[in-house]
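Read through the structure below, which is laid out as structure tokens, and then see the notes.
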Amino acid sequence: MNMQELLEMRTLVDVVHHVPGRLRLRLDPRLREHPAAAQLGDLRANGSGILSTRLNPMARSLVVEYDPKRIDPAALEEFLGGADAARAEVLAGSLAGVFGVTAKTPPESR
């Protein structure tokens, strides 16, 4: 997964509840159509600041537990809930490493 995919998917989630270290997202039904959606649960891999994820498909909800010492809670909420796409791209650069994803879209295979 790369940050471009997260930027695309952020428009398909709503922050329902957030306290530092724990975030609950409501998932738009269209999210399942995104090719990278199945990888959301893998964000806790690769030494990221994501500690765990719990998906509840019936409630269309995703709970993300994260290390607030590694991921700035305000930046995370602004990235996911902010309407400003340009600001989200700036935040994406700083969040990519702590999400355990690549910053840019990988080059196309030849």
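Read the figures in this text as sums done on the coordinates, not as results from a lab. Source: prediction; values computed, not measured. Note that we place each Cβ from the backbone using ideal geometry, even for glycine, and neighbour counts take in every protein chain shown.
Values for this structure:
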quantity: Length-normalised contact order for segment 3-99 - Cα pairs under 8 Å, 6+ apart - percent; calculated: 30 percent
quantity: Two-site label geometry, residue 8 and residue 103: point separation in nm, points 7 Å out along Cα→Cβ; calculated: 2.1 nm
quantity: Average projection area in nm² (convex hull over Cα atoms of the chain, one quarter of hull surface); calculated: 6.8 nm²
quantity: Size of electric dipole in the chain: Cβ of Lys, Arg +1 and of Asp, Glu -1, about Cα centre, debye, nearest 20; calculated: 300 debye
quantity: Estimated distance in nm for a label pair at residue 56 and residue 78, the labels positioned 7 Å out from Cα along Cα-to-Cβ; calculated: 3.0 nm
